[in-house]
Each structure stands twice: as C-alpha cells, then as structure tokens.
C-alpha cells in the first residue's frame with residue numbers, strides 16, 4: 001500500500017472539526033426534546049411537545065415559503081450569474097477580466113447587514129429605483145418593493161451571486177474549447193454551439209451552483225429580516241422570532257432540527273433530479 | 001541623623017502613606033457587560049468616568065446583544081466573565097431566576113436612597129435609566145390623523161403605515177388588553193383587538209437602527225417607537241412627533257445587577273452608586289433624552305419638558321404604563337409566539 005505521509009496531519013483537524021459539529025448538533029437535538037419553562041433559562045424534562053407544536057399550518061407555510069424563495073433565488077442567481085461567469089472566463093482582456101472579478105467578488109467583502117441596508121436605500125419608496133422611475137415619468141406612485149418577496153429575492157440574488165459566478169467560472173474554464181471549435185467547423189453558429197456544446201458541458205457547474213445557492217439562501221437571516229420586515233419570513237426568521245427573541249430555546253431548537261431535516265431532504269431531491277444533468281458534463 | 005536625612009525619610013514615609021491610603025481600588029478593573037455602540041459609550045462617558053474619579057479603578061466593557069450576553073452568563077455561571085451586567089428589566093428577572101445575580105444590599109449604594117419606586121425592580125437588580133415605547137409619527141407624511149389615544153393606531157387611514165418592534169410585542173399586547181378592559185396579566189382580552197390592527201402594519205423593525213431608518217425614509221411613517229430613538233432622529237433633522245397617549249406610554253427600564261461569583265463585589269457596589277449618582281443620572285437623561293431613576297437629578301429644562309421624560313412622581317404615575325417586569329419575563333415567550341403566529345405571519 002502506498003504510504004500517505006500527510007494523511008493524519010490532514011485528517012486530524014478535519015476529525016476534530018467534525019467532532020465539534022457533531023457535539024453541537026447533538027446538543028441542538030437534545031434541546032429540541034426538552035420542555036420550555038416560562039421565566040427560566042433552564043429547560044425542563046424531555047417532551048415531544050415542541051415538534052407537535054410545529055404541526056400548525058403557519059409553520060408549514062413558512063417552510064414552503066423558505067423552499068420557494070431559496071429555489072427562485074437559486075434560479076435567478078444562475079440566470080444573472082451565467083453570462084457574468086461566461087464573460088469572466090472567455091474575455092481575453094486582462095483588465096476586463098480583473099474588473100469583472102472585482103465587481104463580482106466585492107459583495108463578499110461587505111457584511112451581510114451592510115449590504116442589506118444598502119438594498120433598503122435602493123428598494124425603498126423614496127429609494128433609488130422608485131426615484132429614477134418617477135423622475136423619468138414611468139410611474140406616478142412608488143412601487144412597493146420593500147417588505148415583499150421581490151425585494152427579498154433581489155437582495156438575496158445579490159448576496160448569492162459571487163458564489164454562483166465563482167462556481168460557474170470554474171466549470172466553464174474546464175471546458176475543452178476543441179469541442180466548440182469542432183461544432184463551429186461543422187457549421188454550427190455561436191448560439192447553437194453554446195446551446196449544444198457549452199451549456200451541457202457546464203452542467204456540473206450549474207448543478208453545483210444551484211445546490212450551493214439553494215443551501216446558502218435557505219439559511220438566510222439578515223436579508224429577509226430587514227428587507228422582509230416581518231412580512232416575508234423564512235425559517236431563520238421564525239427561529240429568531242419564536243426562539244431567541246422570546247428565550248424559548250427548546251422550541252427554537254426544534255425549528256432548527258426541522259429546518260435541517262428539510263434542507264437535507266430538499267438537497268437529496270435536488271441531487272436525484274440533477275443526476276442526469278451532471279452525467280452530461282465532462283467531469 | 002542629619003536634617004536632610006530626616007527630611008528624606010519623612011518624604012519617603014509620606015509617599016508610602018499616600019500609596020497605601022490613596023484610592024483603594026486604583027489597581028483594580030471592573031468588568032461590565034453591556035450592549036455595544038452608543039450604550040457602551042454612554043456609560044463610559046458618564047458613570048465609568050465618575051467611578052474612576054471616585055475609586056481610581058478602571059472599567060472594561062464586554063459587549064453584546066441582550067440574549068448573547070444572557071447565554072454567555074449562563075455558560076460561565078460560577079466564574080462570570082463580568083462583575084456587573086446591564087440588561088432590560090424583564091431579562092434581568094431571567095438572570096435573577098436562574099441564580100446569576102447577587103442579591104443587592106442597597107445600604108451599600110447610598111445614592112439608591114433617592115431611587116424612584118418604579119426602579120426598584122427586584123432584590124437583585126435596579127433601574128439605571130428609563131424610556132417609553134409610544135406613538136411616534138411623521139407629521140409631514142401623516143397629515144389627517146391626530147393621536148391622543150393608543151386607539152388612534154387602529155384608524156383605517158393608517159392602513160399599511162405602521163411599524164412596531166419584532167423582538168418584543170409586549171407593548172402592543174398590553175395596550176390592546178387595556179383598550180379591551182384587561183391588562184397584561186389578562187392579555188387574552190386584547191387578542192381580537194390586536195388582530196384588528198393587522199391591516200395597519202407595514203413592517204416590523206428588528207433593532208434600533210432599523211426603526212430609525214424606516215421612519216427617517218418615510219417607509220413606515222407611524223411607529224410604536226422607543227422615545228430615545230425618536231429624539232435621536234429628531235436631532236438628525238427628521239420631523240417626528242412623539243405622543244404620550246392619554247392611557248400613558250409603555251415604560252421600559254434598563255437595569256443593573258452584580259453577577260454572582262464576582263470577586264469584586266465591593267467595587268461593583270461603588271459602580272452602581274456611580275450610575276445612580278444624581279449628576280450622572282442628569283447627564284444620561286440629557287444625552288439620551290430618557291428619564292432619570294433618582295428623584296434628585298437636575299435635568300436641563302428643555303430635556304425635562306420632553307414627552308416621555310419623567311421627572312415628577314405624578315408623571316411616573318400618570319404617564320407610564322408599567323408591565324410587571326416579572327410577569328413580562330414569564331410571558332414574553334407566550335406573547336411572542338402568539339404575536340408571530342397571529343399578527344406577523
């Protein structure tokens with residue numbers, strides 16, 4: 001057997017991190033099965049009441065809304081991110097490449113809260129978009145964008161875009177250009193070449209990007225909290241509203257456990273659905 | 001022994017005496033858990049300064065949100081990372097109920113003799129400053145509605161214009177109960193009334209900055225707002241009118257307690273005494289436009305006359321709706337859950 005000199009050096013920190021995560025999850029799960037004692041920080045005895053309380057339609061609605069917003073955000077991010085990633089990979093001008101990269105990556109250097117407050121300035125009734133539209137006479141009254149799903153999704157797309165572009169760019173960069181040249185030499189135009197060669201070969205990047213964007217958005221908190229203003233609620237907001245703001249940690253834990261199970265479930269479905277797509281790709 | 005030698009020995013002895021009898025706590029440092037930002041700066045510029053003058057001891061701040069700090073206190077139960085904690089009155093009860101606070105001996109806090117009755121929250125924590133949650137609105141954007149009662153919030157003209165805190169519904173729950181003939185203890189009486197308010201909500205703000213932004217940009221021209229935030233925004237040039245409804249405004253008190261297990265309890269008492277010092281209290285009230293919790297604080301006249309700043313026993317009695325702090329600590333989860341399920345979602 002081939003010696004692997006760095007095996008343990010790499011495995012040990014990973015195992016320690018994994019252990020820490022497992023302990024935290026075990027604590028979370030344990031808390032979800034404990035009773036809430038009003039006026040006290042200490043949870044009571046073991047109970048299934050927290051999970052029984054989740055059976056109300058309200059929670060199903062918020063879970064469904066979270067999946068819907070995460071899905072739409074992932075798709076919108078893909079639609080916006082693909083051309084950007086394509087331009088980033090295919091442009092030959094270094095200055096342009098650097099400019100695209102900087103513009104794409106910059107949002108990652110801003111805190112989520114700062115980014116979200118900026119969106120309030122853009123989306124508000126007296127914000128940038130409404131001011132411009134009213135100035136040019138396209139609208140007479142401001143369009144309500146704050147505290148709507150549209151506003152939340154727009155801000156989430158912005159937050160998620162860097163991740164999507166980086167993942168798509170990695171996939172696009174690995175495509176062997178000879179396939180495209182072969183298609184062109186056989187008479188395919190640029191659109192046909194893109195649709196029949198480039199796009200299918202970038203499928204692994206699309207799947208990875210969609211999955212990551214979905215999972216990334218699923219746990220979003222600050223953006224729906226501030227842009228949604230309590231009118232558009234995702235799972236994390238519900239955990240905050242019902243758990244942390246009211247000290248009911250057992251119920252917050254049960255919501256988190258349910259959310260975690262839902263995330264795993266949705267990601268598993270995504271994985272199954274994307275298998276044929278992934279098979280098209282070169283990797 | 002020469003005169004010079006005697007003089008030198010005397011000087012040395014005097015120096016030693018000064019070192020020994022000077023500020024007894026000069027080498028000590030008191031660790032204080034408090035919210036970050038303007039609250040930490042406020043305490044640093046007022047009480048901590050006075051405390052340093054009186055004891056020579058320094059103050060170190062550990063900052064964080066209300067719940068983060070509560071969790072940290074719970075995790076370091078027997079070896080607290082802070083000696084003193086500032087928190088809200090009802091969360092202070094959670095500290096007390098969980099045995100995280102020392103029982104206070106107010107005989108060690110001479111300035112506490114002048115505390116208003118409403119600031120004596122529990123045997124474990126006392127008030128440091130007070131504020132109200134009340135109706136604040138933009139008169140330039142809300143022109144046809146007048147506010148004299150909490151009931152005015154239900155007016156149909158305010159449809160889609162109102163914001164309230166998402167982290168604490170207790171103000172509206174207590175008010176709706178009052179308007180329905182109940183009180184905070186019988187809050188269910190106000191459930192139907194509160195549901196009628198739902199169409200008027202445009203958003204729920206998540207923190208002070210969010211509240212300030214939403215009223216400043218006119219997104220929510222009416223708010224159930226923290227008086228101090230309203231005054232801050234007025235200072236920034238935002239036209240806001242603050243109303244004390246005829247039923248009164250909902251009182252909030254931030255409090256202070258000594259952490260059980262603190263090794264600097266004597267110093268902690270000296271700090272609490274500095275916080276409730278009348279000069280410090282006046283300074284805090286003037287800076288934040290809140291109410292002092294001692295009767296002998298002398299406020300600037302233009303601050304003393306502001307709505308929501310209470311300086312007389314009559315104001316405390318007639319203009320403040322006080323939700324029992326212990327009840328609030330026990331009911332917050334229930335209220336929060338009901339509010340989230342029936343009003344916010």
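One table, with the values for the structure above:
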quantity: Failed item, numbered, when residue A:183 is tested on (1) away from every other protein chain (no Cβ under 14 Å); (2) outside any helix (DSSP H, G or I); calculated: (2)
quantity: Residue among B:180, B:170, B:149, B:227 that alone is closer than 30 Å to residue B:268 by Cβ and more than 14 Å from chain A (Cβ to nearest Cβ); calculated: B:227
quantity: From the options A:211, A:160, residue that is touching a residue at least 40 places away in the same chain (Cβ under 8 Å), away from chain B (no Cβ under 14 Å), surrounded by fewer than 19 Cβ atoms within 10 Å (Cβ to Cβ) and in contact with a helix residue (DSSP H, G or I) (Cβ under 9 Å, 6 or more places away or on another chain); calculated: A:211
quantity: Boolean, residue A:256 is modelled with pLDDT of 90 or more, within 14 Å of chain B (Cβ to nearest Cβ), out of contact with any strand residue (DSSP E or B) (no Cβ under 7 Å at 6 or more places or on another chain) and closer than 30 Å to residue A:37 by Cβ; calculated: no
quantity: Some residue of the range A:230-253 being buried (at least 18 other Cβ atoms within 10 Å of the Cβ) and away from every other protein chain (no Cβ under 14 Å); calculated: no
quantity: Breaking point among (1) part of a loop (DSSP other than H, G, I, E, B); (2) more than 26 Å from residue B:339 (Cβ to Cβ); (3) touching a helix residue (DSSP H, G or I) at 6+ places or on another chain (Cβ under 7 Å), for residue B:143; calculated: (3)
quantity: Candidate set: the range B:185-205, residues that are within 14 Å of chain A (Cβ to nearest Cβ) and crowded, with 22+ Cβ neighbours inside 10 Å; chosen: the one farthest from residue B:230 (Cα to Cα); calculated: B:187
quantity: Set A:100, A:120: member being surrounded by 11 or more Cβ atoms within 10 Å (Cβ to Cβ) and away from chain B (no Cβ under 13 Å); calculated: A:100
quantity: Only listed residue being at positive phi and in contact (Cβ under 8 Å) with a residue 60 or more places away in the chain, chosen from B:99, B:56, B:160, B:136; calculated: B:99
quantity: Answer from B:225, B:253, B:272 - the residue that is buried (at least 21 other Cβ atoms within 10 Å of the Cβ), more than 22 Å from residue B:150 (Cα to Cα) and under 20 Å from the mean Cα position of the chain (by Cα); calculated: B:272
quantity: Some residue of the range A:135-144 being buried (at least 18 other Cβ atoms within 10 Å of the Cβ) and outside any loop (DSSP other than H, G, I, E, B); calculated: no
quantity: In the range B:316-330, the residues that are touching a helix residue (DSSP H, G or I) at 6+ places or on another chain (Cβ under 7 Å) and within 7 Å of chain A (Cβ to nearest Cβ); calculated: B:329
quantity: Listing of helices (runs of 4 or more DSSP H) fully contained in the range A:1-113 that carry 1 or more residues being within 30 Å of residue B:345 (Cα to Cα); calculated: A:7-32, A:49-53, A:57-90
quantity: Among the candidates B:126, B:121, residue that is in the same structural domain as residue B:30 (by TED's automatic domain parsing) and within 18 Å of residue B:39 (Cα to Cα); calculated: B:126
quantity: Some residue of the range B:89-108 being away from chain A (no Cβ under 14 Å), farther than 14 Å from residue B:122 by Cα and at pLDDT 95 or above; calculated: yes
quantity: Breaking point among (1) modelled with pLDDT of 95 or more; (2) surrounded by fewer than 20 Cβ atoms within 10 Å (Cβ to Cβ), for residue B:341; calculated: (1)
quantity: Among (1) surrounded by fewer than 23 Cβ atoms within 10 Å (Cβ to Cβ); (2) under 30 Å from residue B:237 (Cα atoms) - the single one residue B:131 does not satisfy; calculated: (1)
quantity: Those residues of the range B:297-314 which are buried (at least 17 other Cβ atoms within 10 Å of the Cβ) and either assigned to a helix (DSSP H, G or I) or within 14 Å of another protein chain (Cβ to nearest Cβ) (or both), in sequence order; calculated: B:303, B:304
quantity: Residue within the range B:235-244 that is assigned by TED's automatic domain parsing to the domain that holds residue B:160, touching a helix residue (DSSP H, G or I) at 6+ places or on another chain (Cβ under 8 Å) and either surrounded by 19 or more Cβ atoms within 10 Å (Cβ to Cβ) or in a helix (DSSP H, G or I) (or both) present; calculated: yes
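The values are calculated or read from the model by the stated rules, or taken from the named source; none is laboratory data. Remember, it's a predicted structure, so these values are computed and weren't measured experimentally. Positions of Cβ are generated from backbone atoms using ideal geometry, with glycine treated the same way; all protein chains shown enter the neighbour counts.
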